[in-house]
Amino acid sequence: MNMNDTNVTVSIVTHNSDKIFLSLDSLIETLGEDQTIQIRIFDNASEADYRKHLESYLAYPFIKIIFHEENKGFGFGHNANLLGTDGYGIIFNPDIILSENHLKEMTNHLAEQPECGLLAPKILNEDGTTQYLIRNHLNVFDYMLRFIPFKFVKKLFAKRLAKFECRDLPDDQDSLVRMISGSFMVADLVKFNGIDGFDERYFMYFEDNDLCRKMEQAGYKAVYSPQFTVTHLYERGAVKSRKLFFIFLQSMRKYFQKWGWQFF
């Protein structure tokens with residue numbers, strides 16, 4: 001398959017994200033002279049000074065920005081960027097750092113697996129360690145266990161957490177998995193459009209799990225391809241902020257009401 005003839009769109013959704021400028025500079029530098037990849041940014045009602053800074057990136061012909069007057073959430077923004085678009089979409093958090101341009105290699109790799117609708121690379125912390133964001137099963141107990149600050153409790157359930165976080169996936173080959181992280185995922189846009197993209201009832205959190213379940217329901221799989229890597233400047237906002245934790249709980253309720261409650 002000649003990927004030079006295929007549209008590749010990087011979709012970024014932001015709301016006053018202080019990491020986006022570092023992320024964009026890294027992305028633009030990494031893409032270099034390859035201007036065949038389009039970057040679409042959806043701004044969810046950020047502050048005026050932030051928008052002004054963001055506007056400066058319109059100097060690049062391959063960048064388009066939608067400035068929205070209301071913060072409608074993560075899924076809403078990505079749907080605005082990607083629904084009605086063909087080719088491949090790269091859902092790209094504003095705190096993702098690329099060190100190498102493997103974007104078209106990732107889309108090509110997904111194109112070679114027609115049974116799959118989504119692809120995830122290995123996602124790394126700044127220090128090079130792995131962020132374990134793949135899931136094959138969701139339940140309330142394991143999710144809440146990750147928020148407990150007491151190390152002895154996590155040690156007690158270490159094997160269970162390791163299974164929940166899919167820590168046994170091999171590093172030298174693809175693995176078919178059920179759910180991947182929305183911090184960075186590659187989507188076949190024909191299939192993404194076929195399931196109407198993200199469920200916009202989720203403002204933030206769980207919309208990526210929901211998207212994977214919708215893909216699965218439509219007969220498509222997700223592939224984890226650890227030969228590709230990206231760095232995620234992960235802040236775990238739901239752990240640090242009461243407001244974000246409340247949004248997390250709301251989204252968790254929506255997810256389990258939709259797909260069935262699993263407590264253990």
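Taking every DSSP beta bridge with both residues inside the chain, roughly what % is antiparallel (nearest 5)?
On the way: 14 of 39 bridges.
Among the beta bridges of the chain, antiparallel pairing accounts for roughly 35 percent.
What Kirkwood hydrodynamic radius, in Å, does segment 137-244 give when the mean of 1/r is taken over all pairs of distinct Cα atoms and then inverted?
15.9
Suppose only helical runs count, i.e. DSSP H with n ≥ 4. What mean residue ellipticity at 222 nm does that imply for the chain under -39500 (n - 2.57) per run, divided by all residues and rounded to the nearest 500 deg cm²/dmol? Working shown, then result.
Working: 11 runs with 96 residues, N = 264.
Helix contribution divided over all residues of the chain: -10000 deg cm²/dmol.
Take every Cα-Cα distance within segment 11-64, group them into 10 Å bins from 0 onward, and report for each bin the whole-number percent of pairs it holds.
Here the calculated profile for segment 11-64 is 23, 60, 17, 1.
Quick check on packing: order 43-51, 148-156 by the mean number of other C-beta atoms within 10 Å, highest mean leading. Display every interim value, and only then the final one.
Details: 43-51: 15.0, 148-156: 9.7.
Result, highest mean Cβ count within 10 Å first: 43-51, 148-156.
Which whole-number percent of Cα pairs in segment 195-256 have a distance greater than 18 Å?
Cα-Cα pairs of segment 195-256 separated by over 18 Å account for 51 percent.
Using a 10 Å cut-off on Cβ atoms, rank the peptides 83-92, 27-36 from the highest mean neighbour count down.
83-92, 27-36
Hey, can you grab everything whose amide H is under 5 Å from the amide H of VAL8? Only 5+ residues off in sequence or another chain; H modelled, so Pro and N-termini drop out.
It is GLN38, TYR88, by chain and number.
Counting only protein heavy atoms and using a 1.4 Å probe, what share of the accessible area of the chain belongs to carbon plus sulfur, as a whole percent?
Heavy-atom surface of the chain belonging to carbon and sulfur, 1.4 Å probe: 51 percent.
For segment 78-220, take every pair of Cα atoms, bin their distances at 10 Å starting from 0, and report each bin as a whole percent.
Reading upward from the zero bin: 10, 39, 35, 14, 2.
Against the empirical 2.2 N^0.38 Å scaling, what ratio does the C-alpha Rg of the chain come to?
On the way: Rg = 17.9 Å, N = 264, 2.2 N^0.38 = 18.3 Å.
It is 0.98.
D for segment 52-146, whole µm²/s, Stokes-Einstein with Kirkwood Rh over alpha-carbon pairs at 4 °C and 1.567 mPa s: what number?
D, rounded to a whole number, is 77 µm²/s.
If you plug each phi of segment 50-57 into the Karplus form 6.51 cos²θ - 1.76 cosθ + 1.60 with θ = phi - 60°, what whole-Hz ³J(HN,Hα) values come out, in order, with x for Gly and Pro?
The phi angles translate into 5, 4, 4, 4, 4, 4, 4, 6 Hz.
Give me the 1.4 Å probe accessible area per residue for the chain, excluding ligands and nucleic acids, in Å².
49
The values are calculated or read from the model by the stated rules, or taken from the named source; none is laboratory data. These numbers were taken from a predicted model, which means no experiment stands behind them. So basically every Cβ, Gly included, is an ideal-geometry build from the backbone, and we count neighbours across all protein chains shown. SASA here: full protein model, heavy atoms, side chains in, ligands and nucleic acids out. Shrake-Rupley method; radii C 1.70, N 1.55, O 1.52, S 1.80 Å.
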